[in-house]
Every structure is written in C-alpha cells, then in structure tokens.
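> Sharing a structure here in structure tokens format.
Derivation of every value follows stated rules applied to the coordinates shown; laboratory data play no part. None of these values were measured; they are calculated from a predicted model. Every residue, glycine as well, gets a Cβ built from its backbone with ideal geometry; the counts of neighbours run over all protein chains shown.
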Amino acid sequence: MKRVAGNRKLGEIRVEKDPVIERIVAGWPIGGWALATVLYVAVHALDLVVTRLGNGAKVFGVLFKALGLLVVLLATAASDKDLAISAVLTYALAYTAEFGLSLASYYGREPIGK
C-alpha cells in the first residue's frame, strides 16, 4: 500500500494490484468463496443477535461462533481439502480486512476532549 504524503484520512490510501496474489486467489474454488461468505455473514448475524441479548450471552456467543466455524470447516476439510483451504483463506482475508479497517478508523480520527 502506498500513502499519500501528509494526510491521515482513510479515503486517501491507494491499494495497488499485485499480479502474483491475483493469480493465486483467482485459482481458488468458487465453493470456498461461497462457504466463507456464508460463514462470515452467519457469524455477524449471530453477533448481532447476541449483542442484543446482553453481556452474559456475549460470552456464550463468542464460544458458539468459534465452535460453529470449527465444526463447519472441519467437516468441509474431511470431505474436500481444496474447498476447505480456500474457505479458510478467504475467511481469514475477510476477517483481516475488517480488523484492519476498524483499526484504521479508530486510530485515524482526532482524539475527543483534547
């Protein structure tokens, strides 16, 4: 990634294409992409429901999200190794991108009260 000099706004970060990564990702099975998308949406939907239930439910929500992902991905790995690998890598990329964007939005704004 290249930054535009002098500015700290998220909208001014440019991402350049990497042809090596593009070729690797393009070779993953489409079923893995679909499985990762379904899991990602399901985890966020469960998180939304658990958040509305309160603090006690959050602990169980985190546990069940992790166990649910593990069970689905292990069952997929037992039946189709390539599909499971592409699903795990796609989910990891989506989770990492979400984490990076949340860090950039948190640290990219001005401090409150100073």
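> Report the net charge of residues surrounding Gly31, where surrounding means a beta-carbon distance below 11 angstrom and charges are Lys +1, Arg +1, Asp -1, Glu -1. Before the final figure, lay out each step's value.
Working: positive: none; negative: Asp80, Asp82.
Here the count lands on -2.
> What list do you get for Val62, Val88 if you sort them by fewest beta carbons within 10 Å?
Numbers: Val62 13, Val88 18.
Taking fewest neighbouring Cβ atoms as first place, the list is Val62, Val88.
> Which of the three applies to region 18-114, rounded, prolate or oblate, going by the alpha-carbon gyration tensor with a ≥ b ≥ c and a/c under 1.5 meaning rounded?
Working: a/c = 3.39, a/b = 1.26, b/c = 2.68.
Here region 18-114 falls in the oblate category.
> Same structure again: Going by how many other Cβ atoms sit within 10 Å of their own, how do Arg52, Arg109 line up, fewest first? Don't skip to the answer; put the middle values down first.
Working: Arg52 8, Arg109 11.
Ranked by crowding around the Cβ, least crowded first: Arg52, Arg109.
> Also: Among residues other than Phe64 whose Cβ falls under 14 Å from its Cβ, what is the net charge (Lys/Arg +1, Asp/Glu -1)?
Net charge around Phe64: +1.
> Compute the relative contact order of region 29-107 as a whole-number percentage, counting only Cα pairs closer than 8 Å that sit 6 or more residues apart in sequence.
Taking the mean separation of contacting Cα pairs over the length of region 29-107, I get 45 percent.
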